[in-house]
Each structure stands twice: as C-alpha cells, then as structure tokens.
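Below you'll find the structure, written out as structure tokens, and then a few comments.
The values are calculated or read from the model by the stated rules, or taken from the named source; none is laboratory data. All of these numbers come straight from a predicted model, not from anything done at the bench. No Cβ is skipped: glycine too gets one built from the backbone with ideal geometry, and neighbour counts run over all protein chains shown. These area figures cover heavy atoms from the full protein model, side chains too; ligands, DNA and RNA do not enter into them. Shrake-Rupley method; radii C 1.70, N 1.55, O 1.52, S 1.80 Å.
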Amino acid sequence: MGERKGTNKYYPPDFDPAKHGSLNGYRKSHPLRERARKLSQGILIIRFEMPYNIWCDGCKNHIGMGVRYNAEKKKVGNYYTTPIYRFRMKCHLCVNYIEMQTDPASCDYVIVSGAQRKEERWDMADNEQILTTEHEEKQKLETDSMFRLEHGVKDKEKLQKAAPSLSELQEAQSAWKDDFALNSLLRGKFREEKKQIREEEERDQALLKKTSLDLKLLPEVEEDKKLAALLKYRSLESYDKKQQQKRLEIISRSWFSPAGDKKTIKNLIIRPKPPPTLGTSAIALGVVRRSSKDGIQSDGKRETAEEATAGNSNGGCGQPGDNKTWTVTSNTLHPPTPTSGLVADYSDSSSEAEV
C-alpha cells in the first residue's frame, strides 16, 4: 500500500525536495486541510462526542450522550502538568453554541456555557465504590512515611471489617465453579417452565373454544380463587321439574274469571241492537212523497217527529192495519195522505210524468 501511494503521488516539474520538503510545503497547505484553518489562533477542529446527556439553553431540547459535533478545540490552561482543553460547538437544533472543557481533577467534563447537564450522577462514596486518590494525598503517601504507616493501619482495619462479607462472596462464587452442572440445572428449569406455560395455554384455548369466546385469559390469583369459591351458580330445580310445575298450574287454574270481576261480567251482557232512526234511514234511502194523479193533498192533522219515532219503534208502520206512510222532504216529516205512496226518487228519469 505504501508503494502504491508513493507512486500515485504527482510531483510537478518545479518541485524541489530541498526547497519545499513535501507536497504540502509545495502547495502551502496543512496536512489536516480544512480542519486546520484556524490553527494560527491555536484552534483545531476535531470530531467531538457528547460525554453525557445535556439540555440545550437555546432551544431547550435534550441532546443525548454520544451525539457527535465538529468542535473547535483549544488549550486554556493546565492542571499541574495536564493540559485543560476547551471545546466549542454549535447545537444542531438551533444557533446556540455550547462550550465544554476537561476537568482532570475529577476525570470529567465541565459545561462552561450554553447547556445544562442532566443530573444522573451519584456519589461514589455512598455506593461504596473505589475512590480515586487525590493528588495531595498521593504526594503525601510518597513523601511522608508516618502518614503512609497510618494509612496502612486504616486499610487493615477496613479489611478486617469486610472479611465476613468477603468470605460469603467467596462461598457463593465457589458454588458456581462447576459450569456444566449449573448449565444443566438452568436448562432443566427452563424446560419445566416452558412445559407449564404450554399446558396453561392449551387449557386456556380449550376453555375459550368451549365457551366460544375470544378473550385474553389472565393468570389465576389467590384472591380471585377465594372470591370464586364463595359464589355458587346453580339452579334450585331442573328444567323438567319447572315445566311440570307450569303444566300443573295451567290445569288447576279456573277457566272463568273470578266472581268479583264486574268488568268482565259487564262485557259479557248481551244488549239488543238499537233500532235505526226514521229520519236517518229515510234520508239515506232517498224516500220522497209523491202526489196522486188528481194532485190533492190531505189537510189532516200532522204528527210530530216524536209520534213518528214512536210509530217506527212499533214496527215502522204504526198500529196494525194502519197504512200510514211518512214522507221526508228537506229533512222534514210530513203526515201521509190516503192517495199518496212511497216511491223512489228518480229525478233524472224520463218517466216521472207518468207516475
């Protein structure tokens, strides 16, 4: 690969190795190209990865750990002999700039401006984790022999206090030395659990198929079992016994209504049909009075409508042997004459003159 890259480079005719040194010197460009455009100001553009979760002060959005930015890196100081670098980058969601710098004392990054850290930290001393030795304490251990001796005594006391817990941990770890036995035990346990789960699914499917339901059955709970044991869903009498009891009630029941039911008795009374009214029947039949051929009408006494109604109630013809006939004209009753008779009204007929 090196030979291929070397042979593929183009050296112009006026290139002088003694004068230019390299192709970058000939082109007057930096090997990092655009990343070194602010190198004169002590700024190098690098690819920076967010070390933890933050909240942007410009857009108030969350920026997760691991998001990468093109950041401007520059040296701002030293912590003893360790340099402190500051990184300046632009938020990808707004125009806000975020500045962060290294903190060699705590082995962490500190936000200078433009963002706030999402608090997800914990105290290493509270979690009983191994703390890093501070620089001053480390320097004192190297130079002061009495301090080193006292520090060793404290470490031995801590070891004696932690000895019981350490022995328990060692015993627990010794039980896991046989990998094959542990693996076979674990696989057997998984097989039993899978078998139980399969049996429960088959039982649930059979129950759903029997009841024709499409539901998701939940696992049984002791409280539900106790509540279900208190409930009883059963019929006191069978279906055949209920049908037999219903037939006996129908047979023993009376066919007639009770004697005290006056409304039913009143409805059963047969009433005579009322006679038709003379005026209404005569008008409906269109009966009119016709004079005899000599055109003489009787000047006898006229009967009232009440007498005509009374005569009609006696058979519609008055007394037996009486040939009187009443005539209706314009809804008025007229007494009959000996020479008149009842005929139909054929006003449109041509034979009216002959009658």
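When restricted to residues that are open to solvent by 70 Å² or more (accessible area, probe 1.4 Å), at pLDDT 80 or above and farther than 30 Å from Y69 by Cα, the range 94-144 contains 6. Just wondering, is there one or more residues in the range 72-82 that are free of Cβ contacts under 8 Å to residues at least 12 places away in the same chain, closer than 30 Å to R148 by Cα and either open to solvent by 80 Å² or more (accessible area, probe 1.4 Å) or not in a helix (DSSP H, G or I) (or both)? Yes, there is a match, as at least one residue in the range 72-82 is free of Cβ contacts under 8 Å to residues at least 12 places away in the same chain, closer than 30 Å to R148 by Cα and either open to solvent by 80 Å² or more (accessible area, probe 1.4 Å) or not in a helix (DSSP H, G or I) (or both). Restricting attention to the range 3-15 and to residues that are closer than 25 Å to A36 by Cα and open to solvent by less than 100 Å² (accessible area, probe 1.4 Å), the residue that is modelled with the lowest pLDDT turns out to be G6.
Go over the candidates L231, L236, L215, L169 one by one and state the one that is modelled with pLDDT under 90 and surrounded by 10 or more Cβ atoms within 10 Å (Cβ to Cβ). It would help to see each step written out before you state the result.
Details: L231 fails: surrounded by 10 or more Cβ atoms within 10 Å (Cβ to Cβ); L236 fails: surrounded by 10 or more Cβ atoms within 10 Å (Cβ to Cβ); L215 fails: surrounded by 10 or more Cβ atoms within 10 Å (Cβ to Cβ).
The conditions single out L169.
Scoring R117 on the criteria (1) without any contact (Cβ under 8 Å) to a residue 60 or more places away in the chain; (2) of a type outside the set (S, T, Y); (3) under 26 Å from T82 (Cβ atoms) leaves a single failure, condition (1). Checked across the range 115-134, the condition of being aromatic (F, W, Y) and assigned to a strand (DSSP E or B) holds for no residue. Applying a threshold of 6 Å to beta carbon distances and a minimum spacing of six or more residues, or different chains, the list of pairs starting in the range 15-38 at a residue that is touching a residue at least 12 places away in the same chain (Cβ under 8 Å) and ending at one that is surrounded by 13 or more Cβ atoms within 10 Å (Cβ to Cβ) and among the aromatic types (F, W, Y) reads Y26/F15. Is at least one residue of the range 243-250 open to solvent by 100 Å² or more (accessible area, probe 1.4 Å), among the hydrophobic types (A, V, I, L, M, F, W, C) and touching a helix residue (DSSP H, G or I) at 6+ places or on another chain (Cβ under 7 Å)? Looking through the range 243-250, none of the residues is open to solvent by 100 Å² or more (accessible area, probe 1.4 Å), among the hydrophobic types (A, V, I, L, M, F, W, C) and touching a helix residue (DSSP H, G or I) at 6+ places or on another chain (Cβ under 7 Å).
Regarding the range 38-46, can at least one residue be identified that is of a type in the set (K, R) and either surrounded by 10 or more Cβ atoms within 10 Å (Cβ to Cβ) or at pLDDT 85 or above (or both)? Step through it out loud before you land on a result.
Initial filter on the range 38-46 (of a type in the set (K, R)): 38.
Still in the list and also either surrounded by 10 or more Cβ atoms within 10 Å (Cβ to Cβ) or at pLDDT 85 or above (or both): 38.
The answer is yes, given that some residue of the range 38-46 is of a type in the set (K, R) and either surrounded by 10 or more Cβ atoms within 10 Å (Cβ to Cβ) or at pLDDT 85 or above (or both).
Of the residues making up the range 63-70, at least one is among the hydroxyl-bearing types (S, T, Y), assigned to a strand (DSSP E or B) and open to solvent by less than 50 Å² (accessible area, probe 1.4 Å).
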